[in-house]
Amino acid sequence: MVLQLGLLLLLIRDFEIVSPAFLKLAVLASAGFVISYFLPLRHRLVFFLALSVAGIGLVFEMTEGAWLIGLGLALIGICHLPIRFSARVTILILAGVALGFLRANWLSVPWSGALWPILGSMFMFRLMMYLYDLSHERGPVSLPWTLSYFFMLPNVCFPLFPLIDYKTFRLTYYDTEPHRIYQTGLFWMFRGITHLLAYRLVYHYLSLGPGDVTNTGGLIQYFISAYLLLLRVSGHFHLVTGMLHLFGFNLPPTQHLYYLASGFTDLWRRNNIYWKDFMLKVFYYPAYFAARRRPARTRIVFATVVVFVASWLLHSYQWFWIRGAFLFAWNDVAFWAILGGLVLANSLYEASHGKALALKKGSWTPRAALSLSLRTVGTFAAMCVLFSLLSSASLTEWLGLWSVVGDLSASSWMLLPAFVIAAVSIGREKGREPARSATPDERKSSLSQRMIVIIGASAILCLAANPGGFLVLPRKTLEAIDLLRKERLSARDEALIERGYYENLLSVDRFNNQLWERYSPSAKPADWESLRAINALRQTDDVRRYELKPLLELPYKGGTLRTNRWGMRDKDYEVTKPPHTFRIALLGSSYEMGTGVENHQIFESLLEERLNRQVKGGAYRAYEILNFAVGGYWLLDQLAVLENKIVPFNPDVVLVAARAWDFRRMIQRLSHKGMREGGSPYPYLREILSKAGVDGEMPPAAALRRLVPFAGEVVFKSFVYFAEECRRQGITPVLLLVPLTTESGYGEDSAQLSQLAAQAGFTVLDLTDAYDGYDSSRIIVAPWDTHPSVLGHRLLAERLYKALKENEALSTLLALGSSTPR
């Protein structure tokens, strides 16, 4: 068991499972398990409580940990006041309202926002279950049991925590042979890790944004990927309950083969089983028996409606404690209403045909297998559609997706035989299973089999994460493993973040936890604000929409934002170029602007300093690199910068920074309503909009879908326009292929950018290998912000200088190595 734990810890470390804090907690839990194993049974619960408190101290600073425990003890204390039960409930509600005002930031608090999601996950639902059991049980209250229940060891790392029932928590404690409990826990932890790795593959390779859906095949992929992203929740829940098993809590499964549910009541029983039990216990049965004088069907309808209305409201309540704002959106209302209606219809059918269905169980026939297949595939398909509704930004956006139905690509037809094969397989295998109520984890399987699975599979995964000389793997496989090793955003979402789309937390895709974790208040300092939030921008009357204000000196994301009189984040330069000076203009976005570092640490400043160190006896007396980069600018904005700001400074070279995500960024920019309503000053863009059938009244997501096939044309013609404008002004255009700090697997996009730019007349400098050999954690400014760090900029400066020296034409133009004054 220690060997298995060690391998699981290696997986958690090598694949950065959940968070760095979870690795610390897992090490603590592993050491605690070994100690607990040898303790007498009567001391193990108290030791678990002590370990849980130590876990809080390990993750939080001492002051914040003390506040978390103090607030929790106050809430628990209210539950045990020597007054009437109704009075205790009233006081608890008032205390919750008071804490809610604080959570909404109406008043300042002496702790950080990181405490709220954990406090909420510990008490927002658990108090309800605890009070329910207190009201129905008359036995003495055990303080160690109560405190262990609320301050459960893994909880401090999981804002989204399984809804463990207090009574189940106590009754399952060492209720069977200990080694079987421990081995089950190890197996569940391993299963949780594999679910999270599968989630990463789905997220990076299968997940689509609404704008990516251009045909029926894409729509189906969008639906399926939305439902498969539930693997992340499943992975977290298995890790949590598996870890609790190591301390004797033989909890039941949280999920059970929910993708193979053969009906909506069957799904309700399989997916998030703890939530289902909570709703039955606290809402369904009380509502059902409150209407006991009504007919049975009426009671079922009433109780089911109560459950799903409560589910909708409680999920908004959960959203508030974790993210700081209540959620109300029509697609959420529609999701819960439709799901509730489907479960209700299924429940009424089972109530009417329950006896006949029970008699059919266990009898396998081709007809029964076909029926089971169709019901399973139908349930899966329906849930894919429903989860796509839940994860969409709005009901309007989701409805707009259906406009592509009927546009069948070759890949769309390939999905049909895949569904047929899946249906036949499900019917054959599920139909042959004997009827039983036990879950797969309750089947009698030997401990040695699970040990072999964990040890063998974990060893293979560890070797894959650190191949060294042991494994020779294809490049695509290595890229996939690299994506698996870190919890990172896809290039699509990184691009959306750079343009500020996710600065508003409520705009975050509500099913993509990675995005809201990156931008939630608990994930970054309160003063880590956008350019707009710190009032660093002013409006322009051209396509750019905004520019940096001149003469700024403001705190900005860990540094100081200083601009010169021209609104550049750079030293002050005269408009007229001094004699014997080689002048370079840099165009780019937030990477080139230097988000997260000081002005003198930006790679263009470092390169300028290095070029000027060689001035002695050189061809030029000075080199100047003017930084015109602004966060959120794309190539279309750079065209306006060239025309409106750069030309008067008379540069010799213009460096235009580009990255692998620029294809998407260009069409996203073009899909904006302002660009579509006659806002584009460039005829070639208006021509492309017309060819794509995009007008000003079309929703942005629909416009984006139509523009996707034209991404290459938009980029190429923009490059051509830019290069021609540069040549008219006597400027040499150079494209810099700048690597993403988290880039992996997007080499094809970079290669295509390079090819199109070269065809358009650019000299291309490829810097995409600048970060090779460096871990991404060293080249980003913060865990919540992936802009290049000081080291990242230094590596870029070194690689750019090398690229200039290696390019014969540019080296000659800059007179690098020449000693003849010009």
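The values are calculated or read from the model by the stated rules, or taken from the named source; none is laboratory data. Everything numeric in this text was worked out from a predicted model, so none of it was measured. Heads up, the Cβs are rebuilt from the backbone with ideal geometry, glycines too, and the neighbour counts pull from every protein chain shown. The protein model used for the area step is the full one, side chains on, heavy atoms only, and it has no ligands, DNA or RNA in it. Shrake-Rupley method; radii C 1.70, N 1.55, O 1.52, S 1.80 Å.
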* Structure fact -> Amide H contacts under 5 Å for Thr540, restricted to residues at least 5 apart in sequence or on another chain and with H modeled in the peptide plane, are Arg545, Tyr546, Glu547
* Asked: Over all distinct alpha-carbon pairs, what is the Kirkwood Rh of region 1-136 in angstrom?
  -> 17.4
* Quick one: Kirkwood hydrodynamic radius for region 733-803, alpha-carbon pairs, angstrom, one decimal? -> 12.8
* **Inter-probe distance in nm under a simple model that places probes 7 Å from Cα toward Cβ, at Leu160 and Leu73** => 3.3
* Which whole-Hz ³J(HN,Hα) couplings does region 294-306 yield from phi under the Karplus relation 6.51 cos²θ - 1.76 cosθ + 1.60, θ = phi - 60°, glycine and proline marked x? -> 8, x, 4, 4, 5, 5, 5, 4, 4, 5, 5, 4, 4
* Structure fact -> Once both label points are put 7 Å beyond Cα along the C-beta direction, the Ser690-Ile83 separation in nm becomes 7.5
* Structure fact -> With every protein chain kept in place and a 1.4 Å probe, region 573-731 has an accessible area per residue in Å² of 34
* Structure fact -> In whole angstrom, largest first, the equivalent ellipsoid semi-axes that the Cα gyration tensor gives for region 554-673 are 26, 17, 13
* Structure fact -> Note: probe point = Cα of Ile455 + 7 Å toward Cβ; backbone nitrogen < 20 Å; residues of region 215-249 passing the test are 246
* Per-pair calculated FRET efficiency, R0 = 56 Å: Lys24 and Glu697 via Cβ, rounded to 0.05 -> 0.55
* Modelled label-to-label distance, Glu61 and Phe289, 7 Å Cα→beta-carbon offset: nm? -> 5.0
* FRET E, pair Leu399, Val309, Förster distance 22 Å, beta-carbon r, rounded to 0.05 -> 0.40
* Tell me which residues come under 5 Å, amide H to amide H, from Ala622 once H is placed; ignore anything under 5 positions away on its chain. => Phe582
* To do: Per residue of region 193-206, in order, report the coupling 6.51 cos²θ - 1.76 cosθ + 1.60 (Karplus, θ = phi - 60°) as ³J(HN,Hα) in whole Hz, putting x for Gly and Pro.
  => 4, 5, 5, 5, 5, 5, 4, 5, 5, 4, 4, 8, 10, 10
* Asked: How much accessible area does Phe283 have with a 1.4 Å probe, in Å² rounded to the nearest 10?
  -> 50
* Asked: Just from the alpha-carbon atoms, what are the Rg and Dmax of region 112-210 in angstroms?
  -> 17.5, 55
* Taking the Cβ-Cβ separation of Ala296 and Ala368 as r and a Förster radius of 30 Å, what is the calculated FRET efficiency to the nearest 0.05? -> 0.60
* Quick one: P(r) of region 37-101 from all Cα-Cα pairs, 5 Å bins, percents rounded to integers, in order of increasing distance. => 4, 15, 16, 16, 15, 16, 12, 4, 2, 0
* Asked: Can you run phi through the Karplus equation (6.51, -1.76, 1.60; θ = phi - 60°) for region 600-607 and list ³J(HN,Hα) in whole Hz, with x for Gly and Pro?
  -> 6, 9, 5, 4, 5, 5, 5, 5
* **Geometric extent, Cα atoms of region 681-722 - Rg, Dmax (angstrom)** => 10.3, 29
* Unsatisfied cross-links (Cα-Cα over 31 Å) in the set Lys645/Lys805; Lys24/Lys167; Lys486/Lys571 -> Lys486/Lys571
* **Segment Leu327-Phe101, length gained on full extension (0.36 nm per residue, minus Cα span)** => 79.8 nm
* Residues whose placed amide H lies under 5 Å from that of Phe249, excluding near-sequence neighbours -> Tyr174
